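Down below is the structure, laid out as structure tokens.
Bear in mind these aren't lab numbers, they're just calculated from the coordinates by the rules spelled out. These numbers were taken from a predicted model, which means no experiment stands behind them. Using ideal geometry, Cβ is built from the backbone for each residue, glycine included, and neighbour counts are taken over all protein chains shown.
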Amino acid sequence: GAGVSQSPRYKVAKRGQDVALRCDPISGHVSLFWYQQALGQGPEFLTYFQNEAQLDKSGLPSDRFFAERPEGSVSTLKIQRTQQEDSAVYLCASSSSPDNSYEQYFGPGTRLTVT
Amino acid sequence: GDSVTQMEGPVTLSEEAFLTINCTYTATGYPSLFWYVQYPGEGLQLLLKATKADDKGSNKGFEATYRKETTSFHLEKGSVQVSDSAVYFCARGRGNKLVFGAGTILRVKS
């Protein structure tokens, strides 16, 4: 079956540009997560949705980062006025349950490079 | 705060060698514990998990035991293969999210 997909896979943005990263979770998964993975590091939590509700956005590094999931399925992570420190791989994951003991299924990530 | 610490890599082994990758976590409550693996060019995949103390997770010859007394969840495999070369991430559950370690690169030579 289809896994989590993300697009684009690679994005190069000039500093100051806005970008939008898309995540298509596994169909029927209620929970959706965004993580940021810097080079050589583990993923770090950004935000969490249960259906369309954004229940936790404590990991978003600044108010330039915004995420939405308006119909409880596809999600978009938007970064405004990109900075060089935003360069990272952005991972999306989905899960069939809000319980953290359930497996999170990860997409391949979007590699963002800000020049 | 909550954190996960795992041994630094890269770890380089010959085929059929024994593997241990150490992982410790800060203990607030009794979190679920996970090992994820990232093969070259692929996304993160769950390798195994344990949800309570003394549980042993196992998959593809890998094992890890949830040790509450030492707050550890070390990954082991008795005989590694070249195909096990990947980056391994230890993680703990916190609320509804995962907190990851920095990852350990494993290289297996034939």
Derived scalar couplings ³J(HN,Hα) [the range A:63-75; Karplus, 6.51 cos²θ - 1.76 cosθ + 1.60; whole Hz; x for Gly, Pro]:
6, 7, 9, 9, 10, 8, 8, x, 10, x, 10, 4, 10
If you line up the Cα atoms of the protein assembly as shown on their principal axes, what length do they span on each, largest first, in Å?
48, 37, 36
Tell me which trypsin sites (Lys or Arg not before Pro) from the range B:25-82 have a DSSP coil assignment and no more than 16 other beta carbons within 10 Å of their own.
B:52, B:60, B:68
Only counting other Cβ atoms within 10 Å, I'd like B:46, A:55 sorted with the fewest neighbours first.
A:55, B:46
When each of A:57/B:97; B:49/B:77; B:52/B:97; A:78/B:49 is checked by Cα-Cα distance, pairs over 20 Å
A:78/B:49
Roughly how many nanometres apart are two label points built 7 Å out from the Cα toward the Cβ at residue A:53 and residue B:26?
2.8 nm
One quarter of the convex hull surface, Cα atoms only: what value does that give for the range B:39-95 in nm²?
4.7 nm²
Give the residue list of trypsin sites (Lys or Arg not before Pro) in the range A:72-115 that are DSSP loop and have at most 14 other beta-carbon atoms within 10 angstrom.
A:81
Semi-axes, largest first, in whole Å: what does sqrt of 5 times each Cα gyration tensor eigenvalue give for the range A:14-115?
23, 14, 11
Taking Cα pairs under 8 Å and at least six residues apart, what relative contact order does chain A come out at, in percent?
37 percent
Rounded to the angstrom and largest first, Cα extents along the principal axes for the range B:1-103 equal 38, 27, 22
In whole Å, largest first, what are the principal axis extents of the Cα atoms in the range A:55-115?
37, 22, 20
Karplus-derived 3J(HN,Hα) from phi for the range B:60-71 (6.51 cos²θ - 1.76 cosθ + 1.60, θ = phi - 60°), whole Hz, x at Gly and Pro, runs 6, x, 8, 9, 8, 10, 6, 10, 5, 5, 10, 6
FRET E, pair residue A:27, residue A:64, Förster distance 45 Å, beta-carbon r, rounded to 0.05:
0.90
Please identify every one of the chymotrypsin sites (Phe, Trp or Tyr not before Pro) in the range B:10-110 that sits in a loop by DSSP and has no more than 14 other beta carbons within 10 Å of its own beta carbon.
B:18
Modelled FRET efficiency - R0 25 Å, residue A:14 with residue A:71, Cβ distances, 0.05 increments
0.20
